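Have a look at the structure below, then the notes.
The values are calculated or read from the model by the stated rules, or taken from the named source; none is laboratory data. No experiment lies behind these values; they were computed from the predicted model shown. We place every Cβ from the backbone using ideal geometry, glycine too, and count neighbours over all the protein chains shown.
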């Protein structure tokens with residue numbers, strides 16, 4: 001009896017959801033046909049209820065969206081459940097969207113997982129466009145990411161890169177046949193740098209408990225999971241409760257909230273008067289100042305910690321460390337293209353000589369190295385679809401009408417491979433950037449690894465210096481050889497699924513200390 005009643009309830013719930021979906025779809029379609037003055041962007045055929053959800057590939061969505069855009073155009077519309085979506089896949093369309101309609105494309109969608117874990121969008125990355133976002137961004141840029149702060153972090157970056165080189169050298173001297181897991185090594189490097197800059201501490205201090213690490217990994221899984229509420233509104237939230245997604249999200253949030261609280265209290269307990277002010281100190285100082293338009297609450301501090309900590313913390317958010325991912329892809333591309341690696345090493349060693357270390361002053365004299373970094377970011381952007389945007393109001397883009405509250409994906413991976421912008425788009429050829437003024441700050445729309453416009457990543461200067469410094473010293477200090485029996489063509493470029501494009505199989509070459517004779 002109980003089993004049959006349970007089945008009946010499920011059927012009635014399914015039927016009710018179906019009726020509601022049909023009603024909402026018909027209402028939205030009629031409303032759109034009555035108000036539209038320009039055609040909607042082209043797109044693939046949609047199915048009832050689910051729209052184009054069945055055509056997505058969650059393991060590599062940037063690949064699939066590029067394939068669809070090649071059929072339907074660089075400005076393509078989709079329907080993901082009840083949510084209208086837009087995909088931009090060319091530099092020309094991205095330039096028009098970000099330059100002419102930056103305001104209309106400047107917000108963030110309230111996706112359930114991101115919204116919950118960012119304390120309702122209190123951070124800089126996931127906050128919707130408005131006064132609160134401007135204030136939080138100003139706080140982060142002024143106290144962590146401005147040019148003066150980036151320059152002041154130079155001793156930390158150089159010290160951590162030097163330590164990394166020393167560790168690799170010791171290992172290579174002790175066992176020349178030993179391989180180096182560059183994926184793990186570079187993740188540790190970037191984690192150490194950001195933790196020292198932002199938190200005034202080293203990652204050599206004790207790691208979080210096992211249950212905390214589990215929660216951090218589950219948070220990554222939640223952010224990358226399919227959530228019905230994101231595509232079917234409040235009706236989908238009912239399904240998320242039935243499937244257990246909502247309860248899992250709440251549990252992860254509670255566990256991480258307790259962890260952030262522990263971090264904050266630990267920082268306060270260990271802080272000494274003579275210690276220099278770090279980023280957490282800045283946030284607490286601002287929380288005591290209620291004169292600003294936005295009061296920095298405890299939740300604000302936790303939300304900012306969520307973004308910084310998860311992006312860079314070792315052994316937790318492995319799939320969101322963009323600098324480590326880019327460095328691994330750079331070394332992967334160089335091993336597959338030994339001529340390019342030899343040219344980069346020759347430039348670096350000619351400039352640096354026998355000094356023993358490449359410092360930031362040397363980077364200005366290494367144009368080919370900079371071209372290698374740009375070419376890596378072109379072919380292997382760390383966030384292939386950037387962070388999703390949301391339109392704030394209607395606009396006309398490329399002759400098509402774009403409505404408000406549309407989910408917007410800018411396919412940076414497809415834009416980097418746009419054959420209209422460059423020849424041999426699939427080839428790793430850094431020379432294409434030599435003698436050309438193509439920057440990484442979102443002004444050159446053929447290269448958008450850090451986005452552009454109002455929502456461009458403000459940490460681009462810090463990221464560029466870290467990438468160039470680490471890569472230059474890896475190439476300067478060592479000869480890199482593949483393991484016995486492995487050839488250049490055997491080096492794979494398969495990526496893991498996730499918000500960030502990480503190499504699926506770790507890159508593990510052998511490091512041979514260079515001969516200075």
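Tabulated results
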| item | result |
| --- | --- |
| Complete set of residues in the stretch 433-460 that are in contact with a helix residue (DSSP H, G or I) (Cβ under 7 Å, 6 or more places away or on another chain) and outside any loop (DSSP other than H, G, I, E, B) | 433, 453 |
| Test: residue in the stretch 79-90 that is more than 30 Å from residue 248 (Cα to Cα) and either modelled with pLDDT under 90 or surrounded by fewer than 23 Cβ atoms within 10 Å (Cβ to Cβ) (or both) | yes |
| Qualifying residue in the stretch 409-430 (condition: in contact with a strand residue (DSSP E or B) (Cβ under 8 Å, 6 or more places away or on another chain), in a strand (DSSP E or B), at pLDDT 95 or above and over 19 Å from residue 467 (Cα atoms)) | yes |
| Within the stretch 133-161, considering residues that are in contact (Cβ under 8 Å) with a residue 40 or more places away in the chain and surrounded by fewer than 16 Cβ atoms within 10 Å (Cβ to Cβ), the one nearest to residue 359 (Cα to Cα) | 154 |
| Test: residue in the stretch 352-362 that is crowded, with 24+ Cβ neighbours inside 10 Å and within 26 Å of the chain's Cα centre (by Cα) | no |
| Residue list for the stretch 364-373, restricted to those being surrounded by fewer than 20 Cβ atoms within 10 Å (Cβ to Cβ) and closer than 23 Å to residue 515 by Cα | 365, 368 |
| Among the residues listed as 200, 233, 130, the single one being farther than 30 Å from residue 483 by Cβ, modelled with pLDDT of 85 or more and more than 23 Å from the chain's Cα centre (by Cα) | 233 |
| Tally, over the stretch 55-90, of residues that are assigned to a loop (DSSP other than H, G, I, E, B) and under 11 Å from residue 409 (Cβ atoms) | 2 |
| Residue tally, condition closer than 17 Å to residue 66 by Cα, in contact with a strand residue (DSSP E or B) (Cβ under 8 Å, 6 or more places away or on another chain) and surrounded by fewer than 20 Cβ atoms within 10 Å (Cβ to Cβ), over the stretch 386-406 | 1 |
| Members of the stretch 161-190 that are in contact with a helix residue (DSSP H, G or I) (Cβ under 9 Å, 6 or more places away or on another chain) and either modelled with pLDDT under 75 or over 19 Å from residue 507 (Cα atoms) (or both) | 162, 163 |
| Single match in 475, 507, 448, 471 (criterion: under 27 Å from residue 392 (Cβ atoms), buried (at least 18 other Cβ atoms within 10 Å of the Cβ) and in contact (Cβ under 8 Å) with a residue 24 or more places away in the chain) | 448 |
| Given (1) surrounded by fewer than 22 Cβ atoms within 10 Å (Cβ to Cβ); (2) in a helix (DSSP H, G or I); (3) touching a strand residue (DSSP E or B) at 6+ places or on another chain (Cβ under 9 Å), index of the condition residue 116 fails | (3) |
| Residue in the stretch 393-401 that is in contact with a helix residue (DSSP H, G or I) (Cβ under 9 Å, 6 or more places away or on another chain), part of a loop (DSSP other than H, G, I, E, B), in contact (Cβ under 8 Å) with a residue 12 or more places away in the chain and within 30 Å of residue 512 (Cα to Cα) present | no |
| From the options 74, 39, 61, residue that is touching a strand residue (DSSP E or B) at 6+ places or on another chain (Cβ under 9 Å) and modelled with pLDDT of 95 or more | 74 |
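Yes or no, residue by residue, for (1) touching a helix residue (DSSP H, G or I) at 6+ places or on another chain (Cβ under 9 Å); (2) surrounded by fewer than 17 Cβ atoms within 10 Å (Cβ to Cβ); (3) free of Cβ contacts under 8 Å to residues at least 24 places away in the same chain:
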{"position": "243", "(1), (2), (3)": "yes, yes, yes"}
{"position": "249", "(1), (2), (3)": "yes, no, no"}
{"position": "252", "(1), (2), (3)": "yes, no, no"}
{"position": "260", "(1), (2), (3)": "yes, no, no"}
{"position": "268", "(1), (2), (3)": "yes, yes, yes"}
{"position": "274", "(1), (2), (3)": "no, yes, yes"}
{"position": "288", "(1), (2), (3)": "no, yes, yes"}
